[in-house]
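All remarks here apply to the structure that follows.
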Amino acid sequence: MLNDPRSHGLWEKSAPPPPATPALEGEAQTDVAVIGAGYTGLSTALHLVEQGISATVIEAAEIGFGGAGRNVGLVNAGMWVMPEDLIRTLGTDYGNRLLDFLGAGPSYVWEMVRRHAIDCEANPVGTLHAGDGKKGFTELTERARQWQARGAPVELMGKAEAALALGTGYYEGALLDRRAGTIQPLAYARGLAHAAVRAGAVIHTSTPATGIARDGNGWRITTPRGALKAGRVVLATDAYTRLVMQDIARQQVTLPYFNMATRPLPEDVVRQILPGRQGVWDTREVLLSFRYDAQNRLVFGSVGALRNTGTAIHRAWAKRALRRIYPQIGTVEFESEWFGSIGMTSDNLPRFHRLDEGIFAFCGYNGRGIAPGTVFGRAMASFLAGKTLAADLPLPLSQPAPTVLRGLRSAWYEAGAQLVHLAEARF
Ligand SMILES: Cc1cc2nc3c(=O)[nH]c(=O)nc-3n(C[C@H](O)[C@H](O)[C@H](O)COP(=O)(O)OP(=O)(O)OC[C@H]3O[C@@H](n4cnc5c(N)ncnc54)[C@H](O)[C@@H]3O)c2cc1C
C-alpha cells in the first residue's frame, strides 16, 4: 500500500478491491466520527448505522492500512494471557466477562462473514498452538486445563497426535482450539468496509485527522482539506495512532512482526504439511507462526522488522527454520514479505478509554485484534446507542497511562529478534 510492497505483501495482492472512498473535502457532519478504518473502526461504524445512528469513518491512509491489513490472519478466541492470570489482573467480574466476550469473538467473525457475504478465505477449522520442547508442552497443558475448566472446546494433543495434525515431529505437542481459524485479514477489513457503506456509513480514506477541538456540545475534527463535526468521537487507531491523541500510542510498546509467503506448494507437499489447514503459532519466546492462504502458499512469520539489516537476517532465518520444521518443503523461495507493528500494553490486556467527554477508544490488542476488534466495535456501537452501560462493558473505563522507556523497549524487541534469528540461522 502507498507503493510499499513490504507493508501489506500477499494480502494486498490477493484481496478483493475496497469500496470507493474519496477523501473528505469541505465540511461534513455526523452523529459519530470514527477515526481509523481497521476492524475496530469499521465494526463500530457498521453496527452504529445498523441502529440508525449516522457514522463517518476517516482513515489517514487506506482501509486496513494498520494492523488489519498486515497481520497473520489467526482468528483467536482470547488474549495471550492465561485465563486465570487475566482474571487475577482484572478481577473476577471483568475477568470472566472479558474471557466470555473474547471466547465468543471468532464465532461472531464467522457470522459477520456469512451475514455480509465477505469474500475473505474464512476457514473456521481451528488453530494449533504448538509446544516447543518440554517447557512449551507444560505451558500448553496448563492452558488446556484452564480453558477446559471454563468449558472451552480445546484439546491437548501429545507428541504423536500433534505430529499428525502439524505434519512434523518438530513439536512436543499442540493445543487445538476449535473456536478459532484463519482469514485473509485485509480482505476481511475491506469486506467490513463494503458492509458498512452498504448499510449507510460514510468512509473517507486519505483523510488523516490532524486535530480535534470542542465545537458546541460536540467535536470538530480537522483534516487536510476539510473538517468533520460530530457529537461523539471513536478513536480506533490502536498501534498505528498518529497525529492525534498520542496518549494511546504512548502507552504501547511496539513489537515488530513479519510474514513471508512461499509460492503455492505442490499438492503432494500440501497433503503432508498441516493437513487440517489450521493456523499455527508456537510457544517460543520469539515465537513463529504459519498458515496457508487459499492458493496453498505457506505464510511463515515471526518477530522482527524487515528494514535495514533485519530484512536479510530474518529472511535467511525463515528459510532455514521452515526447512527444519518441514524438510519435505525443499528449497524455499518467498513470493512476498511484509511486516507491521503490534501494540503491546504493560499487562498484555486491551483497554477501554474515555479520552475526553464523548471521545472513546478500544485499543491495546497485543497482537489479537481480528475477533476482539470486531466484537469491541459492536460493543462500542451498543454503548454509544445507549443500549449498554459503560459499567456493563467487558473492560473497565480507564485513562491511558504512559509506558516508561517505551522507545527503548520497542527498539529492544527489534534488535533482540535480529540477534535470536541471526544465531538460529547459523546453528
Ligand atoms: C504483523 C502483525 C501480525 C498480527 N497477527 C495477528 C493475528 O494473527 N491475529 C490477530 O487477531 N491479530 C493480529 N495482529 C493484531 C491486529 O492486526 C490488530 O490488533 C488489529 O489490526 C487492530 O485493529 P484496529 O482496527 O484497532 O487498528 P488497525 O487495524 O491498526 O487500524 C488503525 C487505523 O487507524 C488509522 N489512523 C491512525 N491515525 C490516524 C489519524 N490521525 N487519522 C485517521 N486515521 C488514522 C491507521 O492508518 C490505521 O488504518 C497482528 C498485527 C500485526 C501488525
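The values are calculated or read from the model by the stated rules, or taken from the named source; none is laboratory data. On a predicted model such as this, the values are computed, not experimentally measured, just so you know. Glycine also receives a Cβ, built like all others from the backbone with ideal geometry; neighbour counts cover every protein chain displayed. Protein only, heavy atoms only, side chains kept; ligands, DNA and RNA dropped before computing areas. Shrake-Rupley method; radii C 1.70, N 1.55, O 1.52, S 1.80 Å.
The table below gives the values:
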| item | result |
| --- | --- |
| Qualifying positions in the range 331-348 - more than 13 Å from the ligand (Cβ to nearest atom) and more than 22 Å from GLY9 (Cβ to Cβ) | SER346, ASP347 |
| Members of the range 95-127 that are assigned to a helix (DSSP H, G or I) and either open to solvent by 50 Å² or more (accessible area, probe 1.4 Å) or free of Cβ contacts under 8 Å to residues at least 60 places away in the same chain (or both) | GLY95, ASN96, ARG97, LEU99, ASP100, SER107, GLU111, ARG114, ARG115 |
| Boolean, GLY200 is within 10 Å of the ligand (Cβ to nearest atom) and of a type in the set (Gly, Ala, Ser) | no |
| Residue count, the range 66-81 (criterion: open to solvent by 30 Å² or more (accessible area, probe 1.4 Å) and more than 12 Å from the chain's Cα centre (by Cα)) | 1 |
| Residue, farthest from the ligand (Cβ to nearest atom), within the range 81-99, restricted to residues that are touching a Lys or Arg at 6+ places or on another chain (Cβ under 7 Å) and among the hydrophobic types (A, V, I, L, M, F, W, C) | MET82 |
| Residues within the range 42-76 that are near the ligand (Cβ under 10 Å from one of its atoms) and either assigned to a loop (DSSP other than H, G, I, E, B) or modelled with pLDDT under 95 (or both), tallied | 13 |
| Filtered residues of the range 3-35 (kept if at pLDDT 95 or above, farther than 22 Å from ALA122 by Cα, touching a Leu at 6+ places or on another chain (Cβ under 7 Å) and of a type outside the set (Val, Ile, Thr)) | LEU24, ALA28, ALA33 |
| Residue that is nearest to ILE35 (Cα to Cα), among those in the range 218-240 that are assigned to a loop (DSSP other than H, G, I, E, B) and not polar (S, T, N, Q) | ALA236 |
| Residue match in the range 368-381 (condition: away from the ligand (no atom under 16 Å from the Cβ) and either aromatic (Phe, Trp, Tyr) or under 22 Å from VAL32 (Cα atoms) (or both)) | no |
| Filter pass, GLN328 being at pLDDT below 95 and more than 14 Å from the ligand (Cβ to nearest atom) | yes |
| Residue within the range 7-17 that is of a type in the set (Phe, Trp, Tyr), out of contact with any His (no Cβ under 7 Å at 6 or more places or on another chain) and either over 19 Å from VAL113 (Cβ atoms) or open to solvent by 10 Å² or more (accessible area, probe 1.4 Å) (or both) present | no |
| Tabulated pairs, the range 284-305, first closer than 19 Å to ASP268 by Cα, second open to solvent by 30 Å² or more (accessible area, probe 1.4 Å) and not in a strand (DSSP E or B), C-beta under 6 angstrom, 6+ apart or interchain | TYR292/ARG277; ALA294/GLU121; GLN295/PRO264; ASN296/PRO264; ARG297/PRO264 |
| Residue list for the range 308-343, restricted to those being part of a helix (DSSP H, G or I) and open to solvent by 80 Å² or more (accessible area, probe 1.4 Å) | ARG320, ARG323, ARG324, PRO327 |
| Strands (runs of 3 or more DSSP E) contained in the range 129-217 and holding at least 2 residues surrounded by 21 or more Cβ atoms within 10 Å (Cβ to Cβ) and not aliphatic (A, V, I, L, M) | 173-177 |
| Any hit, the range 32-41, residues being surrounded by fewer than 24 Cβ atoms within 10 Å (Cβ to Cβ) and either among the polar types (S, T, N, Q) or within 7 Å of the ligand (Cβ to nearest atom) (or both) | no |
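Residue-wise test of (1) in contact with a helix residue (DSSP H, G or I) (Cβ under 8 Å, 6 or more places away or on another chain); (2) open to solvent by 20 Å² or more (accessible area, probe 1.4 Å); (3) β-branched (Val, Ile, Thr).
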position: GLY373; (1), (2), (3): yes, no, no
position: LEU384; (1), (2), (3): yes, no, no
position: THR403; (1), (2), (3): yes, yes, yes
position: TYR413; (1), (2), (3): no, yes, no
position: ALA417; (1), (2), (3): yes, no, no
position: LEU422; (1), (2), (3): yes, yes, no
